[in-house]
Every structure is written in structure tokens, then in C-alpha cells.
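For reference, the structure is listed below as C-alpha cells.
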Amino acid sequence: FGLPSNLFSEHSFYLSSKGRIFLGPTIPPAISPLSTGLLIARLSPTGAVKPTTAFLQLFGHHATKSRVEITKEQAVIYLSGVSFSIETAAADGYVLVSFQQPLGCALLKAGHLKNMLPKARRQAVQFL
């Protein structure tokens, strides 16, 4: 996503046994918590990294790659949880979806954005 390399310099990354990636404070080696910090991504069995919506909404404004800017009309569709086709120069894979600010994640494949917004965050928006 083209995030600056120093953005997380004061934090550590942790990988859980279930393929979850967390961002949190540096913990002394003597302590072994089950999880710590913010869940920022999940690692699939194929090695693909899917960022969480919370991570993209918090840090997405720093992203310079894998970012798709959508229109106001498309934002209404995206926030309702619907997938749609789009013309973009972004490469296929997980992308940050933005309209004036980071909204969340989608899987871009052959010009189609598969909505990855969690069901709990979807909402019918009548105007922005």
C-alpha cells in the first residue's frame, strides 16, 4: 500500500498462530501474550495478506499504492456492501477504497471490486 517505512517505527508486528497480524507496543521477550494491539491483517494459506477495515481507515491516508478512488455514487454503493465494476489503473489484489477519506478494503479482479466491508459496518446511506 506504499505506507512510509517509518510509520510504525515505534511499534512491533506480531503474527498469531491463526495467521492474524497485529500491530502493538513492543513487549519484552519474557511475556508471551495470546494477542496484543490492533488486528491489522490476516494471512491466508496462499500467503496473501488481507488488511482489516480498521487498519485501512486509521492508516489509509498514508497509502500511495493499491488505492482506488471512487465517486460519491460509488461510495453509497460501497457502504451498503455491494460489489461493482470500476475502471481503474490499480493492479488486481486487495485495494484501499477511498472517497474523500479511506473507507475500507475490496478485492479488485479484472475491473470488478468485490466489497470486503464487514457486515457490521455496512449501512444504507442516502447522501454524503
Check every one of the strands (runs of 3 or more DSSP E) wholly within the range 1-90 and list those with 2 or more residues that are within 16 Å of LEU108 (Cα to Cα). 49-51, 67-69
Given (1) open to solvent by 50 Å² or more (accessible area, probe 1.4 Å); (2) touching a residue at least 12 places away in the same chain (Cβ under 8 Å); (3) under 30 Å from GLN126 (Cβ atoms), identify the lone condition not met by GLY37. (3)
Determine, yes or no, whether THR46 is under 27 Å from HIS11 (Cβ atoms), without any contact (Cβ under 8 Å) to a residue 12 or more places away in the chain and either open to solvent by 30 Å² or more (accessible area, probe 1.4 Å) or among the polar types (S, T, N, Q) (or both). yes
Conditions: (1) surrounded by fewer than 19 Cβ atoms within 10 Å (Cβ to Cβ); (2) free of Cβ contacts under 8 Å to residues at least 24 places away in the same chain. SER83 meets all but one. Number of the miss? (2)
Note on the range 90-104: residues farther than 11 Å from LYS65 by Cβ and not aromatic (Phe, Trp, Tyr) are ASP92, VAL97, SER98, GLN100, GLN101, PRO102, LEU103, GLY104
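The values are calculated or read from the model by the stated rules, or taken from the named source; none is laboratory data. Remember, it's a predicted structure, so these values are computed and weren't measured experimentally. Heads up, the Cβs are rebuilt from the backbone with ideal geometry, glycines too, and the neighbour counts pull from every protein chain shown. These accessible areas exclude ligands, DNA and RNA; they are computed on the full protein's heavy atoms, side chains included. Shrake-Rupley method; radii C 1.70, N 1.55, O 1.52, S 1.80 Å.
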